[in-house]
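The values are calculated or read from the model by the stated rules, or taken from the named source; none is laboratory data. As the structure is a prediction and not an experimental result, all values here were calculated from the model. We place every Cβ from the backbone using ideal geometry, glycine too, and count neighbours over all the protein chains shown. For accessibility, only protein heavy atoms count, side chains too; no ligands or nucleic acids. Shrake-Rupley method; radii C 1.70, N 1.55, O 1.52, S 1.80 Å.
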Amino acid sequence: MSFIQDLLKPGGGVALIPFIRMTIMLLLLMVIIMGIAGIARIHMLVMGFLSVGLLVSISMFEKAWNDVHRSRGGASSQNVSGAGAVGRSDKEQEKTD
(Lines give C-alpha, C1' and ligand atoms only; values in the text may rest on other atoms or scores of the structure.)
Protein backbone atom coordinates (compact mmCIF):
# COMPACT_ATOMS: atom_id res chain seq x y z
CA MET A 1 0.00 0.00 0.00
CA SER A 2 1.13 3.53 -0.63
CA PHE A 3 1.79 5.98 2.18
CA ILE A 4 -1.34 7.99 1.29
CA GLN A 5 -3.53 4.87 1.38
CA ASP A 6 -2.06 3.96 4.78
CA LEU A 7 -2.98 7.42 6.10
CA LEU A 8 -6.50 7.33 4.71
CA LYS A 9 -7.50 3.86 5.90
CA PRO A 10 -9.46 3.67 9.18
CA GLY A 11 -7.13 4.11 12.13
CA GLY A 12 -4.33 5.38 9.89
CA GLY A 13 -4.41 8.89 11.30
CA VAL A 14 -2.17 7.79 14.14
CA ALA A 15 0.76 7.93 11.72
CA LEU A 16 0.17 11.68 11.46
CA ILE A 17 0.80 12.37 15.17
CA PRO A 18 4.50 13.32 14.77
CA PHE A 19 3.62 15.66 11.88
CA ILE A 20 0.77 17.26 13.84
CA ARG A 21 2.97 17.66 16.92
CA MET A 22 5.75 19.39 14.93
CA THR A 23 3.24 21.67 13.20
CA ILE A 24 1.74 22.78 16.51
CA MET A 25 5.23 23.31 17.97
CA LEU A 26 6.10 25.54 15.01
CA LEU A 27 2.84 27.43 15.54
CA LEU A 28 3.71 27.86 19.23
CA LEU A 29 7.21 29.09 18.33
CA MET A 30 5.79 31.66 15.90
CA VAL A 31 3.21 32.79 18.47
CA ILE A 32 5.94 33.27 21.08
CA ILE A 33 8.14 35.22 18.65
CA MET A 34 5.24 37.43 17.61
CA GLY A 35 4.23 37.95 21.25
CA ILE A 36 7.77 39.04 22.15
CA ALA A 37 7.80 41.37 19.14
CA GLY A 38 4.64 43.01 20.51
CA ILE A 39 2.28 42.02 17.70
CA ALA A 40 -1.26 41.54 19.05
CA ARG A 41 -0.01 40.31 22.42
CA ILE A 42 -3.38 39.29 23.87
CA HIS A 43 -4.18 37.27 20.74
CA MET A 44 -0.78 35.57 20.87
CA LEU A 45 -1.36 34.74 24.54
CA VAL A 46 -4.69 33.09 23.70
CA MET A 47 -3.25 31.26 20.68
CA GLY A 48 -0.30 30.10 22.78
CA PHE A 49 -2.67 28.76 25.45
CA LEU A 50 -4.69 26.92 22.80
CA SER A 51 -1.53 25.51 21.18
CA VAL A 52 -0.33 24.12 24.50
CA GLY A 53 -3.78 22.60 25.01
CA LEU A 54 -3.57 20.90 21.61
CA LEU A 55 -0.14 19.48 22.42
CA VAL A 56 -1.42 18.12 25.73
CA SER A 57 -4.50 16.58 24.10
CA ILE A 58 -2.39 14.91 21.39
CA SER A 59 -0.09 13.48 24.07
CA MET A 60 -3.10 12.15 25.99
CA PHE A 61 -4.55 10.61 22.80
CA GLU A 62 -1.21 8.98 21.95
CA LYS A 63 -0.92 7.57 25.48
CA ALA A 64 -4.45 6.15 25.32
CA TRP A 65 -3.78 4.72 21.85
CA ASN A 66 -0.60 3.02 23.07
CA ASP A 67 -2.42 1.62 26.13
CA VAL A 68 -5.14 0.11 23.94
CA HIS A 69 -2.55 -1.22 21.51
CA ARG A 70 -0.55 -2.74 24.38
CA SER A 71 -3.66 -4.26 26.00
CA ARG A 72 -4.45 -6.06 22.74
CA GLY A 73 -1.07 -7.74 22.89
CA GLY A 74 0.56 -5.60 20.23
CA ALA A 75 -2.01 -6.43 17.56
CA SER A 76 -1.29 -4.81 14.24
CA SER A 77 -3.08 -1.59 13.35
CA GLN A 78 -4.89 -3.48 10.56
CA ASN A 79 -7.11 -5.12 13.20
CA VAL A 80 -8.16 -1.74 14.59
CA SER A 81 -10.87 -0.01 12.62
CA GLY A 82 -10.79 3.49 14.07
CA ALA A 83 -12.04 5.18 17.21
CA GLY A 84 -15.17 3.04 17.40
CA ALA A 85 -13.06 -0.06 17.89
CA VAL A 86 -11.21 1.19 20.95
CA GLY A 87 -13.59 -0.42 23.45
CA ARG A 88 -14.50 -3.41 21.28
CA SER A 89 -13.22 -6.88 22.06
CA ASP A 90 -13.02 -9.65 19.49
CA LYS A 91 -13.43 -12.30 22.17
CA GLU A 92 -16.68 -14.21 22.43
CA GLN A 93 -18.86 -12.95 25.28
CA GLU A 94 -19.30 -15.30 28.22
CA LYS A 95 -22.85 -16.18 29.26
CA THR A 96 -23.72 -15.02 32.74
CA ASP A 97 -27.15 -16.62 33.25
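Near Ile17, within a Cβ-to-Cβ distance under 15 Å, what is the net charge of the other residues, with Lys and Arg +1 and Asp and Glu -1? Mind dumping the intermediate values first?
Values: positive: Arg21, Lys63; negative: Asp6, Glu62, Asp67.
Its environment carries a net charge of -1.
With all protein chains present and a 1.4 Å probe, how do Lys9, Lys95 order by accessible area, largest first? Don't skip to the answer; put the middle values down first.
On the way: Lys9 60, Lys95 185 Å².
My answer, sorted largest first, is Lys95, Lys9.
Computed with a 1.4 Å probe over protein heavy atoms only, the accessible area of Asp6 comes to about 60 Å².
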